[in-house]
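The structure under discussion appears below in the form of structure tokens.
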Amino acid sequence: MNELPQQLVNGLLLGSMYGLVAIGYTMVYGIVQLINFAHGEIFMTGAFGALTVYLYILPNGTSMWIALPLMLIGAALVSTTIAVGAERFAYRPLRNAPRLAPLITAIGLSLALQQAVWAWYPHAKSALTFPEIPGGPFHIGDVTIQTGDIFLLVVAPISMGVLAYFVMKTRTGRGMQATAQDPDTAKLMGINTDRIIVVAFALGAIFAAIGGVAYGLKYGQIDFRMGFILGLKAFTAAVLGGIGNIYGAMIGGLVLGVAETLATAYIADIPGMDQFGSQSWADVWAFVLLILVLLFRPQGLLGERVADRA
Amino acid sequence: MRQRSLIAITAALAAGALTLTACGSRDEDGGSDSGSGGTTVTIGVDAPLTGDLSALGLGIKNSADLAAKTANKEKVVDGVTFKVEALDDQAQPSSGQQNATKFVADKNVLGVVGPLNSSVAESMQKVFDDAKLVEVSPANTNPALTQGTDWQTSKARPYKSYFRTSTTDAIQGPFAAQYVYNDSKKKKVFVIDDKKTYGAGLAATFTDEFKKLGGTVVGTEHINPDTKDFSAVATKVKNSGADVVYYGGEYPQAGPLSKQIKAAGAKVPLVGGDGIYSADFIKLAGASGGGDLATSVGAPVEELASAKEFVANYKNAGYKEAYEAYGGYSYDSTWAIIEAVKKVVEDNDGKLPDDARAQVAAAMQGVSFDGVTGKVSFDEYGDATNKQLTVYAVENGDWKAVKSGTYTG
């Protein structure tokens, strides 16, 4: 049986999740040149927000079809509140400080959020089970798709489309583009850049929340550390696609997901590469790919500017 | 996580400072005299108390605590009060080593129970051995810890202060292989491990015996324990045509792995060692985990006559967490330390000698008593003489013992 279609689907699913989270990194970077390392934790709190709605707000045994939209709203609310709060109280006071100060703040915030969930969320000291969408897997030819993955397959492209429309066509979206290009001139043209920055954080958080719910549905469990590694991967995806470019984030995510999956599936079959082929080596190959892309295209796959500030 | 390791580093520095202070106060005797004229002996516990493996770790801590309390209540050692001090190693070798340094620095500590992970034990052994502080693990199963890295060809005990009450993977892996091949009648296995000391070692001993019996290994894979996405691996398992999967590793990965393998369409059981024998595995593997198997050390605690009292006492003590896979072994490990201290104290006219640590370590070799898990004593390598193992199967959302025995080669 041909394994390739299934492995490609596996990779695209994983990549879609990276892409959803990468959007937040890339939008915030594009506008304020801040690498928001707490974004992985925004993703994590989104998943916990959704779980909270399911466990503590909805009555027991609510159908997933009713629960899911409410869980998404809960996730988005929690993520957005935390992201906007972080912007207002942690990053804004440091807007004109040296670049390292907000970066270190972001790392500190990431640890603080992890530990806060660990300490105060009930039973969060080990993994928590996440509700699942009922219904068996679907088979299309050789490819099996889980019910939990359908959500990701449907929601990721739709939300990407909505985001593209928002950024290109609406007033606020054009304001974002202008602020990204030149914040000072944008201000002179009457754009409230503070508001634009808040919108960027909020949008990133909503995408992270969708990603968090997708993660819970896909793997059936969430834990307080889920955002750490996934956040790093999503950041990598954003750099791979060209940081600052929202299409780049999605493409970068997909490329990274597919690369990891194919490395796990096929590297071991290359003669002499047996010991480098297992999943424990997949990250190594993903980063080899990142280095190669950055060697030949330092601005990333779709990036327009060279990232001159870090 | 980084923040906690900062705390750990601070703790290690503090421990270092304590060691220096200790140098200046040699006139103190081995144990501190409490006001009532008795001596307090601290038994250290090192286990993962937070994080993924905390279910097992907290069971170890509570069981050790129960043993110490029981000894105090029954006045097992006259004039000595036992106190348990538990440190969290987060299943990280670096944290374990820092904890070991901390225990060594505390002169009241005469024995340490733990750790859970073989990889953590590796980092602690030398620290304890240099201080002649005895360490009894209820859970480490990697053979190299007691029999040296070349244990397959020439056994040599690396550290005289290290003992364990659990049996080793040199027995557990082959025992599982025999069950899978002879009883479950599975001939094609896909072997997966997490590349850690415990998981890789167990997978290797399983594979050797399975091949010897005539089975085929249709694929091998090493997973990355930091991720939860095993879809690529699951697809490989499905296409390999394996009729059973053996996983060397622990339940935080084994649960999702089992679930994703079944979701990918391979309806084959996942078999693992004591590292997956936890109620959390069943929770994480979900409904499709029925029929998965695990081997674990010893006979099932619930069914042993010797364990009835332990189970009842544990319940009465009101611990929040279950005693899990290693509860009985942790109780016995702690009790072994208590027995060794007792012998040392009795041989020294009811007082702790100045070189109490070295004497306790020496006395441990001769300890022998009827514990929760059966007869507890140690062979020349520090391994338990009790080599019982049990196969458990997931049935209706619970582990059910299906076969007890041992591997006889």
_From the helices alone, meaning DSSP H stretches of at least four residues, give me the mean residue ellipticity at 222 nm for the protein assembly as shown, per-run term -39500 (n - 2.57), in deg cm²/dmol to the nearest 500._
-17000 deg cm²/dmol
*Farthest toward the dipole's positive end in the protein assembly as shown, which of A:LEU13, B:ASN386, B:VAL344, given Cβ charges of +1 (Lys, Arg) and -1 (Asp, Glu) about the Cα centre?*
A:LEU13
*For chain B, with a Gaussian network of springs between Cα atoms less than 10 Å apart, report the residue from B:PRO48, B:PRO115, B:PRO252 with the top mean-square fluctuation.*
B:PRO252
_If the only charges are +1 at each Lys and Arg Cβ and -1 at each Asp and Glu Cβ, what is the size of the charge dipole of the protein assembly as shown around the Cα centre, to the nearest 20 debye?_
2040 debye
*Amide H partners (placed H, <5 Å) of B:LEU352, local residues excluded*: none
_Between B:SER368 and B:LEU213, how high is the FRET efficiency from 1/(1 + (r/R0)^6) when r is the Cβ-Cβ distance and R₀ = 35 Å? Nearest 0.05._
0.50
*Which cross-chain or sequence-distant (5 or more) residues have an amide H under 5 Å from the amide H of B:ALA325, H modelled 1.01 Å from N in plane?*
none
_Give the separation of the Cα centroids, the stretch B:43-121 to the stretch A:135-166, in Å._
48 Å
*Using the alpha-carbon centroid of each, what span in Å lies between the stretch B:385-409 and the stretch B:283-334?*
12 Å
*Exposure proxy check: A:LYS233, B:LYS236, B:LYS107, B:LYS160 ranked by fewest other beta carbons within 10 Å?*
B:LYS160, B:LYS107, A:LYS233, B:LYS236
*Once fully extended, how much extra length lies between A:THR172 and A:ASP142, figured as 0.36 nm per residue of separation less the alpha-carbon to alpha-carbon distance?*
6.4 nm
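Return the average number of partner chain Cβ atoms within 10 angstrom of each residue Cβ along peptide A:121-131. Can you show the working numbers first?
Details: counts 0, 0, 0, 0, 7, 13, 9, 1, 4, 0, 0.
Mean partner-chain Cβ count within 10 Å for A:121-131: 3.
For a Förster distance of 35 Å, can you work out the FRET efficiency between the beta-carbons of B:ALA156 and A:PHE276, rounded to the nearest 0.05?
0.60
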*asked:* Give me the inter-chain shielding for A:278-285: mean count of other chain Cβ atoms within 10 Å, whole number please.
replied: 6
_Inter-chain shielding of A:246-259 (mean C-beta neighbours from other protein chains, 10 Å cut-off)_ = 0
*When chain A is modelled as a GNM with alpha-carbon springs shorter than 10 Å, which of A:ILE251, A:ILE210, A:ILE73 fluctuates the most?*
A:ILE73
*Using the reciprocal of the averaged 1/r over all distinct C-alpha pairs, how large is the Kirkwood radius of the protein assembly as shown in Å?*
27.3 Å
*Taking other Cβ within 10 Å of each residue's Cβ, how do B:TRP335, B:TRP151 sort, fewest first?*
B:TRP151, B:TRP335
*Roughly how many Å is it from the Cα centre of the stretch B:158-193 to that of the stretch A:26-62, as a whole number?*
42 Å
*May I ask you to evaluate 6.51 cos²θ - 1.76 cosθ + 1.60, the Karplus curve with θ = phi - 60°, for each residue of the stretch B:59-65 and list the ³J(HN,Hα) values in order in whole Hz, giving x for glycine and proline?*
x, 5, 4, 5, 5, 5, 4
_Once you place label points 7 Å from the Cα toward the Cβ at A:ASN96 and B:LYS375, how far apart are they in nm?_
8.1 nm
*Put a dot 7 Å past each Cα toward the Cβ at A:ILE104 and B:LYS126; how far apart are the dots in nm?*
3.4 nm
*Treat the count of other C-beta atoms within 10 Å as a stand-in for reagent exposure and order A:PHE89, A:PHE296 from fewest to most.*
A:PHE296, A:PHE89
*Find the eigenvalues of the gyration tensor of the Cα atoms of chain B, then list the square roots of 5 times those eigenvalues as equivalent ellipsoid semi-axes, largest first, in whole angstrom.*
38, 21, 19
*³J(HN,Hα) computed for each position of the stretch B:159-168 - Karplus, 6.51 cos²θ - 1.76 cosθ + 1.60, integer Hz, glycine/proline x*: 10, 6, 9, 9, 10, 8, 9, 8, 8, 10
*Residue among A:VAL255, A:VAL162, A:VAL28 with the largest mean-square fluctuation in a Gaussian network model of chain A, springs linking Cα atoms under 10 Å*: A:VAL162
*In terms of modelled amide H atoms, which long-range or inter-chain residues lie less than 5 Å from the amide H of B:VAL45?*
B:GLU85, B:ALA86, B:LEU87, B:VAL113
_Label-point separation in nm, A:TYR121 to A:ILE133, each point 7 Å along Cα→Cβ_ = 2.1 nm
*Based on the Kirkwood radius over alpha-carbon pairs, what is the Stokes-Einstein translational diffusion coefficient of chain A at 20 °C with 1.002 mPa s viscosity, in µm²/s?*
107 µm²/s
*asked:* Could you give each residue of the stretch B:49-55 its phi-based ³J(HN,Hα) in whole Hz, using Karplus coefficients 6.51, -1.76, 1.60 with θ = phi - 60°, and x for Gly or Pro?
replied: 9, 10, x, 3, 9, 5, 4
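With 29 Å as the limit, write out which pairs from B:LYS83/B:LYS308; B:LYS160/B:LYS283; B:LYS236/B:LYS387; B:LYS308/B:LYS400 have Cα-Cα distances beyond it, or answer none.
The pairs that break the limit, which is 29 Å between Cα atoms, are B:LYS160/B:LYS283; B:LYS236/B:LYS387.
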*With r defined as the distance between the Cβ atoms of B:LYS187 and B:LYS308 and R0 fixed at 56 Å, what FRET efficiency is calculated, to the nearest 0.05?*
0.90
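No lab work stands behind these numbers, since they all come straight from the coordinates. Keep in mind it's a predicted model, so treat the numbers as computed, not measured. Don't worry about glycine lacking a Cβ; one is built from the backbone with ideal geometry, like all the others, and counts go over all protein chains shown.
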